[in-house]
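The values are calculated or read from the model by the stated rules, or taken from the named source; none is laboratory data. None of these values were measured; they are calculated from a predicted model. As a convention, Cβ positions derive from the backbone with ideal geometry for all residues, glycine included, and neighbour counts pool all protein chains shown. Please note that ligands, DNA and RNA were not included when accessible areas were found on the heavy atoms of the full protein model with its side chains. Shrake-Rupley method; radii C 1.70, N 1.55, O 1.52, S 1.80 Å.
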Amino acid sequence: MFLFVLLGPLVRDVDVDWQAVIAYSLVFVGVAFTVRFLWLENVRVLEIGRGIQFGDMRYLPMEPAVTFSAAFGALEAIRALERRRWVVAGWFGFLALVSILPLAAMVVRAPLMLLALVVLFRLAVMMWAPMNWRLVAMISLALWLVMWTFGGSIAGLVLEKFEAVGLNTKGLELSAVFNVVSGSAWNSVFGGGWGSVYLSPAYAEPVRFVHNFPAYMALKAGTIGFVIAVLIVWQFYILRGVMWLIAMQNLRFRDKFKGSAEGACLVALTPCILVQPTFKSLSFGLLLLLTSVGSRGLQKWSSRSQAGGVRE
């Protein structure tokens, strides 16, 4: 999770387009995990949307890079449509569809819902921009076909999962962690250490992880860890998300690669922070590094725009 701190000096000193390098590296990892999941014997691609296909205990669709690949592909496809680059739009659309398959098969709710919200927002922004009605009609038809073929059944499965398991006792889990942390002065300040466990209501046995990043840091490192987690969340999620939403209103920013990277990070980071223990994966650190690079790039873009618009 502190990969962005360790690699910060390298990113600062080496003159490379780090945002593109990291983004496409995450896409490569996401596609690799997608292929591994779809290759499993008990996964049937043609039956996706008809029921939950668990796969195996490796939980391959939970890898944050899979969600990033799906979101990045969708946002880049929309950006290519805005620029009338049909082949590029088709390629990124195919990449997004392939990466969505494992999420839909396993019905991983948070990434699917966030992806839908971000894509709908991005499409709404595109529709508001000046464009010909032929393109609007084509996009609307394509979306209708996708929703008619896959969207309705997947949305139904998401609702069924909510009705069956709700939030999977995640609220009780947070309460259990709070009881452990507040059990002693030492735990309150310093936590129980990286190997500490607690009795999870979700599993009815002692476990080492929490489905929430700040709560996990509180369990392991007490108030100190919780403050660090909140600072990371603020800098790389809340602040980044708000800045991305604001920046989407500017055509020059939407026409840049970093707009898609920012939106994809927002989709991929949110489940890691709030409802999944995937913050322990290597790609979580890469996502934080990508947002760190993007933050510097967006600040440069903002200062240039305020100065009167400098050619990029």
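Numbers below:
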{"read-out": "Check on LEU101, assigned to a helix (DSSP H, G or I), more than 17 Å from VAL45 (Cβ to Cβ) and not basic (Lys, Arg)", "value": "no"}
{"read-out": "Those residues of segment 35-63 which are under 18 Å from GLN276 (Cα atoms) and surrounded by 19 or more Cβ atoms within 10 Å (Cβ to Cβ), in sequence order", "value": "GLY55, LEU60, PRO61, MET62, GLU63"}
{"read-out": "Meets criteria (open to solvent by less than 20 Å² (accessible area, probe 1.4 Å) and more than 19 Å from VAL275 (Cα to Cα)) for GLY195", "value": "no"}
{"read-out": "So ALA105, is it over 27 Å from ALA124 (Cβ atoms) and at pLDDT 95 or above", "value": "no"}
{"read-out": "Qualifying residues in segment 224-261 (those that are modelled with pLDDT of 90 or more and open to solvent by 10 Å² or more (accessible area, probe 1.4 Å)) - the one farthest from the chain's Cα centre (by Cα)", "value": "ILE224"}
{"read-out": "Segment 209-223, subset open to solvent by less than 10 Å² (accessible area, probe 1.4 Å) and over 19 Å from LEU288 (Cβ atoms), residue farthest from the chain's Cα centre (by Cα)", "value": "GLY222"}
{"read-out": "Residue satisfying all of: in segment 87-97; of a type in the set (A, V, I, L, M) and surrounded by fewer than 18 Cβ atoms within 10 Å (Cβ to Cβ); nearest to MET62 (Cα to Cα) among these", "value": "LEU97"}
{"read-out": "Failed condition for ARG84, given (1) in a loop (DSSP other than H, G, I, E, B); (2) over 20 Å from LEU157 (Cα atoms); (3) open to solvent by less than 90 Å² (accessible area, probe 1.4 Å)", "value": "(3)"}
{"read-out": "Condition check for VAL29: in a helix (DSSP H, G or I) and crowded, with 19+ Cβ neighbours inside 10 Å", "value": "yes"}
{"read-out": "Condition broken by GLY171, with the remaining ones in (1) over 16 Å from LYS280 (Cβ atoms); (2) modelled with pLDDT of 90 or more; (3) open to solvent by less than 70 Å² (accessible area, probe 1.4 Å) satisfied", "value": "(2)"}
{"read-out": "Flag for VAL66 being at pLDDT 95 or above and surrounded by 21 or more Cβ atoms within 10 Å (Cβ to Cβ)", "value": "yes"}
{"read-out": "Positions within segment 165-184 being of a type in the set (Ser, Thr, Tyr) and in a helix (DSSP H, G or I), in sequence order", "value": "SER175"}
